[in-house]
Amino acid sequence: MNWERARIDEAVADIFGFNAVQLGLPQIDLLQANRISLRQRANEFGAVDLLCDFTALPFSAASIDLVVLPHVLEFHRDPHQILREIERILIPEGQVIILGFNPLSLWGLKNRFNRQGEFPWNGSYISLPRLKDWLKLLGFELDRNQFGCFSPPCEHEKWLRRWGFMESAGERWWGVPGAVYMVRAVKRVHGMRLIAPQWKTGKLGAKALRPMAQKEGNEH
């Protein structure tokens, strides 16, 4: 989780606007490094800022600047609809940041044989290429993606420390991708064009500049 928080902090620090929403994982504030004034944490259960159904978000269309989605898609019954709702509520050029578990990793291998276990093994992991395809179909443009958490899945602190060298080596030296990925995507609206005001720069005619008194005198 330390890797995820650090990457999210870096990603949200330069995103501005008026409204930001974190969907899921409300016990951890992943918007703390963002400077948008109104930041809310939403979930489908529990004590949160906003209690809602992720497949029918209670926001107007094109009203949200940033959505952070930590490990929701792989544990939800309808991930496609969640992405459609996010596309609906984001403003043009709004951004979504997604955290997901990578099925093509050592963690994904354990998930494949142990889906009846507890979190995080009980989800349907979504590969990064598959998620990219979904986002592109909805009109998103991929801004960046990163892999992290290269150590094997260990339950004991001792073994985590022993495998710690793999985190620093990362994907560069280790042949298996990281267990977690982060994706940042931008909502593009094709054909949208900013229209500048048409200020009149020409000189006004002499008639328009003539004093009213002079105009009235000429009429007599």
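The values are calculated or read from the model by the stated rules, or taken from the named source; none is laboratory data. A quick note: this is a predicted structure, and the numbers were derived from the prediction, not measured. Here the Cβ positions follow ideal geometry from the backbone for every residue, glycine too, while neighbour counts run over all protein chains shown.
Starting from the stretch 174-193, keep only residues that are closer than 21 Å to residue 124 by Cβ, then list their pairs with residues that are assigned to a loop (DSSP other than H, G, I, E, B) and at pLDDT 95 or above whose Cβ atoms are within a distance under 8 Å, requiring at least 6 positions of separation or different chains.
As it stands, the answer is none, since no pair meets every condition given.
Within the stretch 62-73, track down each residue that is out of contact with any helix residue (DSSP H, G or I) (no Cβ under 8 Å at 6 or more places or on another chain) and in a strand (DSSP E or B).
Of everything in the stretch 62-73, just one residue is out of contact with any helix residue (DSSP H, G or I) (no Cβ under 8 Å at 6 or more places or on another chain) and in a strand (DSSP E or B), namely 65.
For the stretch 14-44, how many residues are in a loop (DSSP other than H, G, I, E, B) and under 15 Å from residue 183 (Cα atoms)?
2
Are there any pairs with C-beta distances below 7 angstrom linking a residue in the stretch 7-25 that is modelled with pLDDT of 95 or more to a residue that is in a loop (DSSP other than H, G, I, E, B) and of a type in the set (Phe, Trp, Tyr), with the two at least 6 apart or on different chains, and if so which?
Listed pairs, sorted by first residue: 23/54.
Are there any helices (runs of 4 or more DSSP H) wholly within the stretch 107-195 with 3 or more residues that are at pLDDT below 65 and charged (D, E, K, R), and if so which?
157-162, 165-173
What are the residues in the stretch 45-61 that are loosely packed, with under 15 Cβ neighbours inside 10 Å and in a loop (DSSP other than H, G, I, E, B), if any?
Hits for the stretch 45-61 are 45, 46, 47, 49, 53, 56, 58, 60, 61.
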